[in-house]
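The values are calculated or read from the model by the stated rules, or taken from the named source; none is laboratory data. Every value quoted in this text rests on a predicted model; they were computed, and no experiment measured them. As a convention, Cβ positions derive from the backbone with ideal geometry for all residues, glycine included, and neighbour counts pool all protein chains shown.
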C-alpha cells in the first residue's frame, strides 16, 4: 500500500469504526490504537478520524451520545495529529437527524485545515449490522449533508456503501467520493455485477434468492449494459473463479464511478430494475 501511495494511488486509512459497529472491540480501544498508528504512518493521502457509529437499533439517547462522542473525539484527534497530516484528516458525520448533521459540519468546519468530511450514518442490516444501505430517510439526510458541506467549501465522502444500483443515488445526491467492499463480498457469494443492475448469481451453489446468470444470459447482459472487460469474457471462469468475479465486479464499479455524471437521470432509470430499492429512491430524489 505504501508503494501504491508513492505511485499516486489515493490511499485512505479508515478509522476502524466498522469493527466497533460489528462488535469487534469498543470505541476507546479503537481510539488508543488508531492515533499512534497514524503518527507512525504518514504516507497515506487521507486519515479518517475515529467515530462512534450509531446502529439502526440504537435508541435516541444512544444515538445522541454516539454523535456527541464522534464530534468531541474528532476535535481531539485533529488537535493531536501531526501538523503535516491535518489537511488530510477526514472527520465523520454521524446522526440520523438534521441537527446531528448540522452540529457535525459546524464542528468540523471550524478545524482550519479540513478539506473533506465523511458521511457514515447509513441504515445497517445483516450479521452484526455489518452491511450499510441507503434508505429514503438516509437519502434525505445525506442530501442535506452534501449541500451543507459544499456550502462550507468541504468535499464529502460516503463510507461503506456502493454497488451498481447505489452509485446512481450517490451521484445524484452529489457525493464527491465513496468506498465499499460489496464487490468483494458479492464475489464470495457467487454474485457478479453489471452496470445499473442488481447482483446476479453465477455459481448457482447457494440458496440465495435473486436473479441468476446462465451461459445464455452473459452476452445479452454485456450488450444491454455496454460492459465488457477481460474478466467476463469467459462464462466458465466467472462461474468457477472467485478472484475472476472479484476483479470483474471491481472494474464494473470503477467504470460506473468514473462515468456516472455522464448519464441523465432518465437514462439511469431506464437501465435499472424497476423493483430495486434504489430505483425508487432515485426517482424520489430527482
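Quick notes
- Verdict on residue 142 being assigned by TED's automatic domain parsing to the domain that holds residue 65, within 24 Å of residue 13 (Cβ to Cβ) and crowded, with 22+ Cβ neighbours inside 10 Å: yes
- Matching residues in region 48-92 - criterion: being more than 17 Å from residue 31 (Cα to Cα), touching a strand residue (DSSP E or B) at 6+ places or on another chain (Cβ under 7 Å) and touching a residue at least 60 places away in the same chain (Cβ under 8 Å): 55, 56
- Count - residues of region 146-170 that are within 15 Å of the chain's Cα centre (by Cα) and buried (at least 20 other Cβ atoms within 10 Å of the Cβ): 16
- Any chance residue 207 is out of contact with any helix residue (DSSP H, G or I) (no Cβ under 8 Å at 6 or more places or on another chain) and without any contact (Cβ under 8 Å) to a residue 60 or more places away in the chain: yes
- Elements of type helices (runs of 4 or more DSSP H) in region 1-106, at least 2 residues being closer than 24 Å to residue 122 by Cα: 17-21, 27-40, 60-80
- Within region 142-169, the set of residues being outside any loop (DSSP other than H, G, I, E, B) and free of Cβ contacts under 8 Å to residues at least 40 places away in the same chain comprises 142, 146, 147, 150, 151.
- Exclusive hit being over 16 Å from residue 273 (Cα atoms) and in contact with a strand residue (DSSP E or B) (Cβ under 8 Å, 6 or more places away or on another chain), set 213, 202: 202
- Filtered residues of region 45-66 (kept if buried (at least 22 other Cβ atoms within 10 Å of the Cβ) and closer than 22 Å to residue 176 by Cβ): 47, 48, 49, 50, 51, 53
- Considering 131, 105, the condition of being in the same structural domain as residue 53 (by TED's automatic domain parsing) and more than 30 Å from residue 227 (Cα to Cα) is satisfied by 105 alone.
- Residue tally, condition surrounded by 20 or more Cβ atoms within 10 Å (Cβ to Cβ) and more than 13 Å from the chain's Cα centre (by Cα), over region 173-195: 9
- The residues on offer are 279, 225, 265, 198, and the sole one that is surrounded by 20 or more Cβ atoms within 10 Å (Cβ to Cβ), out of contact with any helix residue (DSSP H, G or I) (no Cβ under 6 Å at 6 or more places or on another chain) and touching a residue at least 40 places away in the same chain (Cβ under 8 Å) is 279.
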